Each structure stands twice: as C-alpha cells, then as structure tokens.
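> First the structure, then my questions, so here it is.
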Amino acid sequence: MIKKCALLSLVIFMAAAGAIMAFQRAYFGPPDRTILPAHAEIEHLLDSVEGVGLEHHVRLAPVGEPGQTLWVIGRLIRSEDGQPIADKAIEVYQADDTGSYDEQIAGDESSARLSGVVVTDAQGRFIVQTVLPGDYGSTSDNRHMHTKIEGAAPDAYDLFFKQYMNAGLARWAKRSSQAMVIDLQQRQDGTLVGSVDLVVKGYSSSDEP
C-alpha cells in the first residue's frame, strides 16, 4: 500500500512538473527560429526600393561590423488614415551583436554607437542597413531596434524580430501600439531582410509638408 501511494505521488509529481515545463515554454520559452528564404514578394520589394534616394537610406553599422547583415525596409504610416508620411525624420538606434549600446553619452541609449537618422521619401519609405542586434541585458530573445519619429505622439516605437522574441515579449508586443514585429527572411548571400509598416499616431493630414 505504501509503495502504491509512493508511486502515485511520483506520477502526480511528474505530471505536475511536465505541466509546469509546458507552461514555461509557452509563456517564456524560445521562439521558432525558422527563417525562410526570401520569397518573390520581398525580392520585388528590394528591387522597388533601388530607386529610393540615398538620403532615404541610413547605414547604422560600418563596413566590417561584426554580426549578421540586416536590411530593414520600412514605410512610415499615419495611424489615423493609413496614409504614408513623407519627408519625416526617423532616429534609429540599437545594440551591437553582443547586446552593447556603447553609449556615447552615459545613460542615453539613443547615443548608441550604432545609430543614425533617416528621412522618408515621398511614399513614406526608408531603408536601414545594419547588423542583427544582440540580446540586451540578462534575458534572452529580446533583440530589437529603437525608433524615434519627429512629430509623432508618442514618438518612440520599437522594432522586434519574430524569430528572436521570447513568448512573454511576443505577447506584450501584440498588446502594444508602440511595438512592431518583423518576420525575417534570408537572401542567398546570407543577408537578413525584413519589411515593416511603422504605424504612428499623432499626425493629421495638415502636418504634411
């Protein structure tokens, strides 16, 4: 009888432990890291932005910067009516591939070594050339880039990467209007590429230049 009770207790304990582990994986576990080859739509998008002037590109990472090359192709969109916002400055900054901001001004992440400003074109488009940022701080799977948009309210929006977001962060991002998630794809040369509509609040059509 004692052995049966002990065995039953062990079974219950193992079942509970399994349930806890499943809960942890679902709420805090690593994401699906699958990155698909760049499909025709993204290649067409890359072709379409070749005509975007250099003033609408920003290179955050210098040539030779350690890390995996990343291109982000974006459009700045007005939340109120879904229209593109032309000729607006976007400040972009991020950590390097080790997760370090290497702030040029102590305590100011926006002064990160990998930072720059890009201005949208007539169709609201902009291009960021950089490297995939590393995880920041003591947690994993939180890679992201920061943007600050001139004239928006709020003016701060973060770009996350689907393949590098833990489950808790992914749930938070779904609830936040200041978080955009990029589904990465990979070109034949290994370059990561993703597109994003950066939807911001606070603009009206009268704010257009």
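> Taking the range 150-172, which residues are hydrophobic (A, V, I, L, M, F, W, C) and either buried (at least 18 other Cβ atoms within 10 Å of the Cβ) or not assigned by TED's automatic domain parsing to the domain that holds E91 (or both)? Before the answer, list the steps.
Initial filter on the range 150-172 (hydrophobic (A, V, I, L, M, F, W, C)): 152-153, 156, 159-161, 165, 167, 169-170, 172.
Correct list: A152, L159, F160, F161, M165, L169.
> Take D121 and tell me if it is part of a strand (DSSP E or B), under 24 Å from V52 (Cα atoms) and touching a residue at least 12 places away in the same chain (Cβ under 8 Å). Talk me through it step by step, then tell me what you get.
Values: part of a strand (DSSP E or B): no; under 24 Å from V52 (Cα atoms): yes; touching a residue at least 12 places away in the same chain (Cβ under 8 Å): yes.
So D121 does not fit the description; no.
> Follow-up. Given the conditions (1) in contact (Cβ under 8 Å) with a residue 12 or more places away in the chain; (2) in contact with a helix residue (DSSP H, G or I) (Cβ under 9 Å, 6 or more places away or on another chain), report the number of the one that I105 does not fulfil.
All conditions pass for I105, except number (1).
> A follow-up question, please. For the range 174-187, does any single residue satisfy the condition of being at pLDDT below 95, assigned by TED's automatic domain parsing to the domain that holds R78 and touching an Asp or Glu at 6+ places or on another chain (Cβ under 7 Å)?
No: zero hits.
> Look at I105 and say whether it is part of a strand (DSSP E or B) and either surrounded by 15 or more Cβ atoms within 10 Å (Cβ to Cβ) or not polar (S, T, N, Q) (or both).
Numbers: part of a strand (DSSP E or B): no; either surrounded by 15 or more Cβ atoms within 10 Å (Cβ to Cβ) or not polar (S, T, N, Q) (or both): yes.
No.
> Still on this structure: Please determine, by comparing only the residues of the range 176-199 that are of a type outside the set (D, E) and not in a strand (DSSP E or B), which one is surrounded by the most Cβ atoms within 10 Å (Cβ to Cβ). Show your work before the answer.
Our first condition is that a residue be of a type outside the set (D, E); within the range 176-199, this holds for 176-182, 184-188, 190-196, 198-199.
Still in the list and also not in a strand (DSSP E or B): 176-178, 184, 187-188, 190-191.
On the way: S176: 12, S177: 11, Q178: 15, L184: 20, R187: 15, Q188: 7, G190: 8, T191: 15.
So the residue we want is L184.
The values are calculated or read from the model by the stated rules, or taken from the named source; none is laboratory data. Here the structure is a predicted model, which is why all the values come from computation and not from measurement. Every residue, glycine as well, gets a Cβ built from its backbone with ideal geometry; the counts of neighbours run over all protein chains shown.
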